[in-house]
1. Can you name every residue in region B:60-69 that is open to solvent by 60 Å² or more (accessible area, probe 1.4 Å) and modelled with pLDDT under 90?
2. Taking A:Ser386, is it among the small types (Gly, Ala, Ser), open to solvent by less than 60 Å² (accessible area, probe 1.4 Å), more than 26 Å from B:Arg111 (Cα to Cα) and touching a strand residue (DSSP E or B) at 6+ places or on another chain (Cβ under 9 Å)?
3. Kindly evaluate A:Leu346 against the criterion of being over 16 Å from B:Ser109 (Cα atoms), part of a helix (DSSP H, G or I), modelled with pLDDT under 85 and more than 60 Å from the chain's Cα centre (by Cα).
4. Would you mind telling me which numbered condition in (1) within 14 Å of another protein chain (Cβ to nearest Cβ); (2) open to solvent by 40 Å² or more (accessible area, probe 1.4 Å) A:Ser317 fails?
5. In this structure, does A:Thr63 turn out to be at pLDDT 85 or above, of a type in the set (Ser, Thr, Tyr), over 60 Å from the mean Cα position of the chain (by Cα) and farther than 16 Å from A:Val189 by Cβ?
6. If you check A:Phe525 against the conditions, is it under 24 Å from A:Pro415 (Cα atoms), outside any helix (DSSP H, G or I) and either at pLDDT below 80 or of a type in the set (Phe, Trp, Tyr) (or both)?
7. So is A:Thr96 surrounded by 16 or more Cβ atoms within 10 Å (Cβ to Cβ) and out of contact with any Asp or Glu (no Cβ under 6 Å at 6 or more places or on another chain) or not?
Amino acid sequence: MRRASATERMPPPVVALLASPLGALVRAVARIRASVHVKLLAGFLLITLLFIAMTAVSLRTLTETARQTNLLDEAHERVGWSRQIEHALAMQMHFTAMALLSKDDGIVARILRENNRFNDTLARLEKAAPAEERALIQAIRGSQDDAMATVADIANAVRDGRLADAMTALRTRQEPLYAKIETLVGSLVAAEETRMASLRVSIAAASRYSLRVMAGFAVASIVLALLGGFVISWSFILPVREAHGFLSEVAEGRFGGTIVVPNRDEFGALAEHMNWMSRELRRLDDEQRVAAETLRSLNDRLALASRAKSEFLANMSHELRTPLNAILGFTEIMLDELYGEVPATLREPLVDIQTNGRHLLRLINDVLDLSKIEAGRLELGVGEYSVQEIVEVVHASLKSLALEKNLAFTAGVSPDIPPAWGDGRRITQCLMNLAGNALKFTRQGRVDIEVRLDGEWLVYRVSDTGIGIPKDEVENIFAEFRQVDTTITREYGGTGLGLSITKRLVELHGGRIGVESELGKGSRFFFTVPLRTDGGRA
Amino acid sequence: MRDRTVLHIEDNEYNRKIVRQLLSRTPYRLLEAADGEEGVAVAQRELPDLILMDVQLPKLSGLDATRLLRADPRTAHIPLVVVTSFALSGDDRRAMDAGASAYLAKPYSPRDLLALIHKFLPEN
């Protein structure tokens with residue numbers, strides 16, 4: 001049995017994705033023989049590695065940009081120095097001209113100072129300059145040295161008063177030299193500026209490039225992370241959904257289904273266990289069905305047997321009574337001397353036949369009553385009855401027995417008891433049983449019947465001064481065929497069914513029965529029934 | 001005035017014999033039938049003054065026979081006593097429902113039966 005339920009209730013994009021090669025990837029991941037823990041760890045590790053790679057690329061780009069910026073700074077600095085050189089040169093020319101004009105050789109010191117500054121700056125520039133600019137710097141230095149030699153000549157001429165010579169030297173030697181140096185420095189500045197321009201271009205290009213690389217990396221990372229998340233999570237969700245559908249089937253009582261998942265991890269193991277469980281459930285279900293079927297047919301057979309038993313009992317009731325009717329009938333008409341005078345010697349055995357015949361009749365009645373109650377076939381004939389009448393009937397029926405045993409026998413009914421509703425004949429039977437028992441088990445003293453109304457309940461009570469019941473037997477006293485001592489049955493007679501039948505009849509009325517007894521002093525039996533019993537079967 | 005007739009429908013010979021003995025010293029004329037069909041036939045032919053009907057009879061049950069007799073206008077008015085197996089089993093109610101005038105539980109005392117007969121057919 002295969003379920004479609006695993007793909008049911010899924011968002012359509014997921015269904016589409018699972019149908020694509022991605023679905024195959026999901027199943028492939030599921031098939032990997034590794035624990036869920038390891039798979040999750042691998043997934044997180046993949047994402048972590050992506051982040052590390054992205055960080056490395058960013059760092060590299062950053063470093064490269066910093067280096068180029070640095071180069072730009074250096075070039076910028078060199079341009080600054082070149083400007084200082086130009087300035088120093090201008091100052092030298094200015095001071096030289098001043099020396100000529102003021103004829104003051106003290107100015108030479110200022111010229112030297114500017115020269116020193118020039119040389120210092122040039123040395124710094126030379127140290128920082130790239131190799132291709134060294135030749136240019138050498139040329140500048142050479143021209144400056146020449147210019148300084150010319151300055152010395154001019155200074156000497158000024159000191160010696162040869163102003164014309166000094167002027168000539170200035171014009172013919174010094175000025176061209178300065179012009180040359182100026183040109184050289186200018187080309188140096190131009191070279192640096194060109195370099196700066198190209199550096200700016202390359203920095204801009206590098207930053208654009210790094211931006212693209214970073215963006216690409218970010219996009220790739222996000223896509224990979226999403227893919228990894230999808231693949232790993234669905235490789236777990238699919239078996240869970242399968243299990244969900246499978247368990248729903250089980251919950252609906254359809255056992256024996258099989259769950260198929262590609263997983264070779266904990267989910268695979270779980271699926272295997274569920275399949276096992278399913279097989280077991282199926283087996284148990286089958287067994288239970290067979291057992292239920294067996295029970296049903298057994299029950300049918302029992303019902304048949306019970307019906308047969310009831311019919312048998314009904315038939316037996318008649319079949320037993322018919323000969324008993326003849327026995328008791330013939331005995332009675334013989335004792336009534338319908339056949340002529342009965343000799344004294346025969347009267348006693350005839351009375352014995354009658355007594356035993358009546359006892360047999362009671363036995364038959366009790367057994368039939370009890371089997372009817374057991375079969376749940378006894379129905380109460382509910383109607384209005386008089387409690388006073390019942391007590392009177394019972395008292396009248398048993399009066400002779402009490403007289404015979406020389407026992408006091410009283411019956412008391414509260415006069416305020418209204419007509420009651422129930423099965424009067426059965427209530428009579430109950431009271432007769434209790435009072436009959438009391439008289440039977442009492443050798444001397446008294447037996448008293450008392451009925452009173454307690455709210456909506458009738459309380460029938462029979463007290464005696466008889467042999468009493470041992471405490472440990474009180475519980476069993478209402479069970480079938482129970483008399484405290486089997487010898488009692490022989491001594492006192494009785495079927496041992498009276499109390500049991502009485503209890504059932506009282507319960508059919510919705511009441512209860514009980515006893516308080518003291519061994520050797522007497523017993524007080526009582527039962528309660530509702531003043532008005534509506535139902536037949538209780 | 002002719003002697004009043006009692007029809008006793010009962011399949012057991014001994015029980016028929018008891019009634020026979022019981023009525024032998026009375027002026028009642030006794031008719032007997034051993035099953036339900038015969039009982040109905042005798043009742044319709046002889047139109048007795050009282051019918052004693054056992055409840056369980058061969059061929060036709062006592063209750064069915066009672067219903068038949070009650071349905072027949074010639075016999076519908078005849079007093080009919082059903083002898084039930086067991087008063088407490090509900091036979092009494094069924095007997096009265098079938099149309100019996102009275103019922104008597106088996107085993108009955110011959111004295112009680114005679115009293116019942118006297119009640120329906122007082123001796124002059």
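1. As a first pass, look at region B:60-69 and keep what is open to solvent by 60 Å² or more (accessible area, probe 1.4 Å): B:64, B:67-68.
Within region B:60-69, none qualify.
2. yes
3. Details: over 16 Å from B:Ser109 (Cα atoms): yes; part of a helix (DSSP H, G or I): yes; modelled with pLDDT under 85: no; more than 60 Å from the chain's Cα centre (by Cα): yes.
For A:Leu346, the condition - over 16 Å from B:Ser109 (Cα atoms), part of a helix (DSSP H, G or I), modelled with pLDDT under 85 and more than 60 Å from the chain's Cα centre (by Cα) - is not met.
4. Of the numbered conditions (1) within 14 Å of another protein chain (Cβ to nearest Cβ); (2) open to solvent by 40 Å² or more (accessible area, probe 1.4 Å), the odd one out for A:Ser317 is (2).
5. Numbers: at pLDDT 85 or above: yes; of a type in the set (Ser, Thr, Tyr): yes; over 60 Å from the mean Cα position of the chain (by Cα): no; farther than 16 Å from A:Val189 by Cβ: yes.
No, not satisfied.
6. Values: under 24 Å from A:Pro415 (Cα atoms): yes; outside any helix (DSSP H, G or I): yes; either at pLDDT below 80 or of a type in the set (Phe, Trp, Tyr) (or both): yes.
So A:Phe525 fits the description; yes.
7. Numbers: surrounded by 16 or more Cβ atoms within 10 Å (Cβ to Cβ): yes; out of contact with any Asp or Glu (no Cβ under 6 Å at 6 or more places or on another chain): yes.
So A:Thr96 fits the description; yes.
Residue-wise test of (1) buried (at least 21 other Cβ atoms within 10 Å of the Cβ); (2) touching a Lys or Arg at 6+ places or on another chain (Cβ under 9 Å); (3) not aliphatic (A, V, I, L, M).
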position	(1), (2), (3)
A:Ser414	no, yes, yes
A:Asp423	yes, no, yes
A:Ile427	yes, no, no
A:Arg446	no, no, yes
A:Val459	no, yes, no
A:Asp464	yes, yes, yes
A:Glu475	no, no, yes
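The values are calculated or read from the model by the stated rules, or taken from the named source; none is laboratory data. In this text, all values refer to a predicted model and were calculated from it rather than measured experimentally. Using ideal geometry, Cβ is built from the backbone for each residue, glycine included, and neighbour counts are taken over all protein chains shown. Keep in mind that these areas ignore ligands, DNA and RNA; they rest on the heavy atoms of the full protein, side chains included. Shrake-Rupley method; radii C 1.70, N 1.55, O 1.52, S 1.80 Å.
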